[in-house]
Amino acid sequence: MMRIRFSANLGFLWNERPLPQAVRAAARSGFDAVELHWPYAVEPALLRQALAESALPVLGLNTTRGDPEAGEFGLSALPGREKDARTAIDRALAYAAEIGAASVHVMAGRTDHPDARATFIGNLRYAADRAAPMKTTILLEPLNSHDVPGYFLTDNALAARLIDEAARDNIRIMFDCYHVGRSGKPVLEEFTAHRALIGYVQFAAVPDRGEPDHGDVDYATLLPTLAESGYHGYFGAEYRPRGTTEDGLGWLSRWR
């Protein structure tokens, strides 16, 4: 059986520690890689050193949210904010290049504006064209409406249509099992329907987003099924620990 490789999402795991220390903690705990949310306050050289010492690849990071205090959660689908969105894309790609990250998640943002789709496609094309010489993948991720009300992109079918319309080879779906399940959709069916466009998979318990050893989705069965179906990438553990991160890692040793 293929060995499943797990990535620690350091936006949630060990997020009480400075990011370089969190990288080292992930390595000590047996993770195969790490991924980030918004690491921009950390000097890239410090993160690069921790990654080198830990021998862990870094899989990706997000574009900035914009102004969180104003409720912003991404900029790239917001008409009139193209300059800000592209500045965020450039910043993310530059940081990714500094630390060797494989992908950048371009965050759509909260909007129901009639021009949101065209705006997002334009910014996705911009991001993909900038990322292509770096061999960086651009990811877009549908989010559930319970956690992020008003988010533009909530559906994998829409993500697939956006990728088709953007017409760039380096754009893929970040398929988050938690968001799919929290939206009330069957995770395996959704994965199978969009498999050809899925570039990365994340997971957490449904519905509480805790450790993946409980809840409505049986990940101990699902993740091997996804691997056997031909997905050979890492699985990103993007959950909120109930207590300390270490106390909740029993699932990782068991699933090995």
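The values are calculated or read from the model by the stated rules, or taken from the named source; none is laboratory data. Just so you know, these numbers come straight off a predicted model, no measurement behind them. Positions of Cβ are generated from backbone atoms using ideal geometry, with glycine treated the same way; all protein chains shown enter the neighbour counts. Just so you know, the surface numbers come from the protein's heavy atoms only, side chains and all, with ligands and any DNA or RNA stripped out. Shrake-Rupley method; radii C 1.70, N 1.55, O 1.52, S 1.80 Å.
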Of all residues being open to solvent by less than 30 Å² (accessible area, probe 1.4 Å) and assigned to a loop (DSSP other than H, G, I, E, B) in region 33-63, which is nearest to R172 (Cα to Cα)? Just the residue, please. L59
Restricting the search to region 1-26, which residues are surrounded by fewer than 19 Cβ atoms within 10 Å (Cβ to Cβ), touching a helix residue (DSSP H, G or I) at 6+ places or on another chain (Cβ under 8 Å) and in a loop (DSSP other than H, G, I, E, B)? M1, M2, I4, N15, R17
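Table: residues versus (1) surrounded by 16 or more Cβ atoms within 10 Å (Cβ to Cβ); (2) within 15 Å of the chain's Cα centre (by Cα).
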| site | (1), (2) |
| --- | --- |
| A132 | no, no |
| N170 | yes, no |
| F175 | yes, yes |
| F203 | yes, yes |
| R209 | yes, yes |
Hey, any hits in region 156-167 for a residue that's basic (K, R) and more than 18 Å from I89 (Cβ to Cβ)? yes
Which is among the basic types (K, R) and over 28 Å from W38 (Cα atoms), of R195, R242, R256? R256
Report the residue count in region 228-256 for those that are assigned to a loop (DSSP other than H, G, I, E, B) and open to solvent by 80 Å² or more (accessible area, probe 1.4 Å). 4
Hits in region 178-195 (condition: surrounded by 15 or more Cβ atoms within 10 Å (Cβ to Cβ) and closer than 15 Å to T221 by Cβ): G181, V187, L188, F191
